[in-house]
Structures are given as structure tokens and as C-alpha cells.
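All remarks here apply to the structure that follows.
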Amino acid sequence: MKHKFKYSWNILAGLLTSIFLFVSPSNMALANVGGYANYEDPGDQMYVVMPEITGGWFAATDFFPDNGNGDTIGKYQTAGRALVANHKYIYLQKNYGIGAGSGTWTPGEDNGVAGDNLPGGHENWIIVAEVTPGVGESTDVSMDPSFIHISPDGTMVALGMGYNQPLLVFPISMLDPDSPPLLNSGNKGETPASGVTLFPWGDSPDDGVQYYEAEWIPDPNYNLATLTDNTLDPAAETNNTFLAINTDRGWSSDDYAGEGSQIELLDISSSANRPVITIQKIGYSPSYSASADLAVDNYGNLITGQGYDYNNPDPTSGNSQTGQIKIFGVDEWMGAYDSSVNDNTALDYNNTTNIIADNILSAAALGVDKDNNLHVGGGDVVSGKVGETGFTAVIHADALEHALDNLGAINEADSTVYQELQPDSYGDDSATFTVYNPWAGAIVVIWNPTNATTDPGTPYDGWYEGVQPIATSYYNGHQPDSDSDGIPDGSDNAYLTANPGQEDTDGDGWADIVDADFNNSNTVNYQDYLQFRANYGSSGGDSVFDMNSDGRVNYSDYLKFRGLYGTSAPWY
């Protein structure tokens, strides 16, 4: 299970990455897979500094969809913003640009820069909820979140708090930046707040959930609800009521003879429901496999694989199967679900084919973009070579169709189906996680810029308390740019007001060109006017009062200030 190896970096490196040896389907042609290209110069990255890790091991992240449903958290529209879970808090991204608090991180520096306004945060993150960790008795214990996933319609959140901790499902209407609610309490954190559906951790499916990762999946009791192009309808109720969970309940090691990780489906409509085994025995006897992600593509097909194969190498093939990724068609996985009997129709993973990629990627971070291209977080560390780790692979959508037709796995040498996105020029990240931001049209790669340990056996940048991960966005040329200033909306700190320089002199997350709140009270009022008047006519140097960044505080800035007088955050 996740916690069994999270502090062993040699194992973790093997878990999260792997090498590529596959056979190429033909007739695919794109210069950059899906239109994505790696940054040739790391300094060209468009990135966000994440909240500092203040407890646990991981900062679980997801982005709200772009369904246009008008949902807000406080005053903040949800579309395109990130939710991050770490330690005891859930954070909401305040703005879409860098917004790095009292300083900024730039490629090549050794460390991210911590902020000073929130525990573990900086000026671009707002605490919107708190949790009670479900392990231990100390008030200092943390959740170690496995995942946070927002439902396709953008109205619900599923939070896997970590090993031996409950799974929470709650509406976003509970999240509040002004008065963050406590979502659970009590012994083992198993008392949910009103409005929260809580599933306890359990040794067997009858007892509760276990999980490494999860994803929202269509209700297997109904026909697929789709749009006219046959893609899943994100607003349909039946696409927002089930979770598919990759669990290590059947995980095997030297100490435990299990039968591999498995996929279980959970109806989240009632806390009395329990997961149903649908795909079992992931991996190969005798040690099987553990800890993979799973994804549901735009047509309802299920993608999962082997996160880490403890045979390593497999005694039959001579190769470790770490990173084998398979796709299960809608009819296949739905036909394996029977809510009345726990596992009588469960598929055996190894009795299926439909391989997308074989012996190549960790399968630890899976997802698809709007064009159904698959992205896989990880890299190649089976060889143990620094410089080949921590990247994200993009696999062309056609490869998924080929796999469904059982036409063979892809070939990493074929640049028309396989692309690497490497945000860290050193290539030394032990864990690279990847998530898609549909509003921004971006694949977001989350990684760490520093090695926070002096352990000589840990040559990789790892996840530790005090580290601030970096979230780098990769665009494919079709991303929205509402103000036409050349900065994609998903990375623009004033996405409705042109400001190609992205100036933010006071580092509060709001761009100078829309920020007339000089005293950072979140309202533009008379006190701001007094400060502006006192600085009118000044010139030279960076100044928060120079709203148009032309080096002078003059009448042009006054007009901008006057237009914002009386308004409150947020500003765009």
C-alpha cells in the first residue's frame, strides 16, 4: 500500500517510473503529440508555486472543469482553479497566475519560496476547509492524501485522506474561504460533518474502502449518458455518482501473499454503500503489483495498469511489468459489475489484452485531455539514471483506439504517438504527478525543485515537509487567451485585462494593472486613495501605484484606480 513504500525512495522511484519498450501502431502523424511541446528553455515555463508541504507526504491536486455552471466558492468562480489537499487543509487557488507571495521561484533556483500569510501557503492559496486526520492520537498528525478529485459536473469533491484514513465526498458548496468548515471529526476522523458522505477504511470491501487512487466513473447500472459527439456528458447525473478505486487490498509482498491490486466501484450516494470488486489480480503471481492510478477516457473506457510489480523481474518473461497500461472497454468493465454480489463477475486483469503501453511507465498518474490524449506521470528510473526521471509522457488518442482493437502497444521511438514533457532540466524528480486543467486547456505537471534530504541514498528530488512543489502548465496551441495578451488564461494573473508583463509588485496574486487595493484589505476604498494621492507624480523603480507599469504614477494610473474604486477582490 502507498504508505508501505512512501519513505523508501529506491522503491518509490521504481513505483513511479519505468522504461519504454513497445510496438508501434501505424498511421499516426503529429509533430508534437496532441500539440504539446516541451519547454526548450526552462525559463519559459508557465508555472504556479504550490502550497508548502506542512505535513504528510503529498499535495493532492485537481482542477475544476469548464462546464460554465457558474459555481463559486465565496467570491471565486470555480472553473479552472485548483484544489489542493495537504496536512489538515484544503486550499483553493486564488488566481491563475504565478502569485508567489513574498517572492517568486524561477527555474534553476534550489528552492521554492514559502509565503508568510497562511500555514503552508503563500499569497495565491486560500484555505477553504479543514479535516481531522484519521490516524494516531496526536494533534500534530496529518492526512497523507492519496487523491482529491472533482466530479465531472464540478459540484462534488472526493478526497482520499490517505492510508488507514476515510474517504470523504462532499459538495463544493461546503467550501468557504471566510469560515473554512471542519469536514470530519472524532475518533479516527470517522465522524462526518453534516453534508459529508464518509466511507471508513476497511480490511475487506464489506468493511470499507481501501485506495491508492480513484476517479469518477459512469454509473454501471445505466447506459452511458453522452453528448452528440459520443463523449461523456459531464452534467448527467449518472456520470457523477460513482467512483472507481484502485486499491492495494490484494497487494502482495514478501510479508503478505495477496493477489494484486484491484479495481473496485463505489456508489457514493450513501455512506452505507460498499465497493464492489470489478477488476482483480493486477500483476503476476507470486508477488503481483501495487499502486497504480486509473483514468476514465472521454468515451467511458477505463484505463489502469501496474504501478509497481514486485516480481521485478517477472520470472516468466524476464522483464518487470512495472508500467504496463491497459484499457478496458465500457461494455467490458460495466459487464463485470454486479451490485448484488461482491466479486462473482470480476475480471482477471491478466486474462485481458488491450495493452496501450508495456513495461514502460509507472501508471501512477493517469488522465486524458479534451482530445482523449493520455498523459502519464512518471519517467524512466528503472535504469536509475538521473536525467531520465520525473517527466510526463503524452500518448496520442489513436493509441487508445488501437489498444481497444488489440493492435499492440506503442513504441516510444515513434514521435507521432509518444511525447515527453520534462519540467525539471535536471531530471531528478522521484515523483512527478500530472493532472489536466480543462478550463485552461493545459496538462499540468507537478514536481519538486529541490532535494530536501541529505541522505546519500536518495539522489532524487523528493516530497518532504518544507518543500513547495511547482505546477508547470503545458499548452497545445488551442488554449483560451481571453485578453489576447499572449498569456494563456490558465497562467494569466489578469486574464480579462491585457498585461503581457504579468507585473505583480506586491506579490499578492493580483496583477498591478487590476490591483488598486494598495493596503491589501481586499477592498479598494478611501485608504487606498490616500496612499495613491501621496504617491502621485512619482517615477522610477517598481511601484504598486504604477498600475500600467510605465515607470510613472500619473493620470493614466489614476483613471485605472478610479475605475476600480469601491470594488472588492477578486480582480481580473
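The values are calculated or read from the model by the stated rules, or taken from the named source; none is laboratory data. As the structure is a computational prediction, the values presented were derived from the model and not from experiment. Every residue, glycine among them, receives a Cβ derived from its backbone with ideal geometry; neighbour counts consider all protein chains shown. What goes into the accessible areas is simple: the full protein's heavy atoms, side chains included, and nothing from ligands, DNA or RNA. Shrake-Rupley method; radii C 1.70, N 1.55, O 1.52, S 1.80 Å.
Table for the structure above
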quantity: Checklist (1) closer than 21 Å to Leu265 by Cβ; (2) modelled with pLDDT of 90 or more; (3) part of a helix (DSSP H, G or I) applied to Asn350, failing item; calculated: (2)
quantity: Out of Thr238, Thr228, sole residue that is surrounded by fewer than 18 Cβ atoms within 10 Å (Cβ to Cβ), farther than 23 Å from Ala363 by Cβ and within 25 Å of the chain's Cα centre (by Cα); calculated: Thr238
quantity: Identity of the residue in the range 550-572, open to solvent by 50 Å² or more (accessible area, probe 1.4 Å) and within 18 Å of Gln502 (Cβ to Cβ), that ends up modelled with the highest pLDDT; calculated: Lys560
quantity: Any hit, the range 490-508, residues being touching a residue at least 40 places away in the same chain (Cβ under 8 Å), closer than 30 Å to Asn372 by Cα and part of a helix (DSSP H, G or I); calculated: yes
quantity: Lone qualifier among Val113, Val135 - being within 28 Å of Ile513 (Cα to Cα), more than 19 Å from the chain's Cα centre (by Cα) and modelled with pLDDT under 80; calculated: Val113
quantity: Candidate set from the range 138-147 (those that are buried (at least 18 other Cβ atoms within 10 Å of the Cβ) and of a type in the set (Ser, Thr, Tyr)); member that is modelled with the highest pLDDT; calculated: Ser146
quantity: Some residue of the range 282-300 being at pLDDT 95 or above and more than 27 Å from Ile360 (Cα to Cα); calculated: no
quantity: Matching entry among Gly537, Gly541 (being loosely packed, with under 14 Cβ neighbours inside 10 Å, in contact (Cβ under 8 Å) with a residue 12 or more places away in the chain and at positive phi); calculated: Gly537
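Residue by residue, here is whether (1) of a type in the set (Ser, Thr, Tyr); (2) open to solvent by less than 10 Å² (accessible area, probe 1.4 Å) holds:
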| site | (1), (2) |
| --- | --- |
| Asn437 | no, yes |
| Asn476 | no, no |
| Pro480 | no, no |
| Asp483 | no, no |
| Thr497 | yes, no |
| Gly501 | no, no |
| Asp515 | no, yes |
| Asn522 | no, no |
| Gln531 | no, no |
